[in-house]
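Here is the structure we will look at.
Read the figures in this text as sums done on the coordinates, not as results from a lab. Here the structure is a predicted model, which means the values were calculated and not measured. Virtual Cβ from ideal backbone geometry, glycine too; neighbours counted across all protein chains shown.
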Amino acid sequence: MAGNEKRCELRFAKKELSLLGLCFLAAGLGLGFIQPLSIFLVTEQLELPKENLQWLFMVNGFGMIIGGAGVMIFAKKVAPQRLLAFGMLVNAIGLAVMGLSTNLWITLTAEFFNGLMLPCIQIGINTLILQRTEGEFIGRVNGILSPLFTGSMVLTMSAAGVLKEQFSLVAIFETAAFFFIIGMFFILPLYNQKGETKPLEIQS
């Protein structure tokens, strides 16, 4: 009986980590679309000089600092999967607004909230890995998820230039937002689980 329970727990842990990997994949694909095109958001969508790109980076950085401090305060009270799902949702909305906005202040506000929620995503993912993985296997899990995220982002970054010639900037940003929504849906099966679970060993 104990052996059967252990096998069930192992399968459950693998399912959770698989969902987390799919979330990582979707986020990487979404970010890859927008990373090379931020300059066009300023020059074409907002019709401003390219030097104004620095303001987007600045408010995003401020948002990350404030968001990181806030997550440190609330992380123990909020389950990591809820942090992750909320961060993915807000980033999806932010990207959608940035793609549609032709007003600098609206775009800056959306960029600020994107930066504000980024720590929710990062800390949510890292906490889930720590909770669902035996200590000796954490490096292996990170070694799988990190290249998955980076590779997916590089893939869409490589395609962004070609897509920019075929589709509007609005369509590309809305597609990026859609990928974040997809990533959020992958996490929803874990949404109502308790935040504290015993780490589980992953069979090699």
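Ordering Thr156, Thr107 by the number of other Cβ atoms within 10 Å of each residue's own Cβ, fewest first, gives Thr156, Thr107.
Express in nm, to one decimal, how much length is gained between Thr102 and Lys15 on full extension, taking 0.36 nm for each residue of separation and deducting their alpha carbon distance. Before the final figure, lay out each step's value.
Details: separation 87, 0.36 × 87 = 31.32 nm, distance 4.18 nm.
Working it through step by step, the gained length comes to 27.1 nm.
In the chain, once you exclude exposed trypsin sites (Lys or Arg not before Pro) (DSSP loop, at most 16 other Cβ within 10 angstrom), what's the longest stretch remaining? Formally, the longest exposed-site-free interval is 78-193. Inter-label distance, Gln54 to Phe167: 3.3 nm, where each label sits 7 Å from its Cα along the C-beta direction. In the set (1) 11.9; (2) 10.4; (3) 11.0, the label that goes with mean projected area of the Cα convex hull in nm² computed for this structure is (1).
Rounded to the nearest Hz, the phi-derived 3J(HN,Hα) couplings of region 102-113 under the Karplus curve 6.51 cos²θ - 1.76 cosθ + 1.60 (θ = phi - 60°) are 10, 10, 4, 5, 5, 5, 5, 5, 5, 5, 4, 5, where x marks glycine and proline.
Quick one: net charge of Thr102's neighbours, Cβ under 15 Å, K/R +1, D/E -1?
On the way: positive: none; negative: Glu44, Glu47, Glu111, Glu174.
The answer is -4.
Going 7 Å from the Cα of Gln35 in the Cα-to-Cβ direction, what parts of region 142-166 have a backbone nitrogen less than 14 Å from that spot? Residues 146-161 fall inside that zone.
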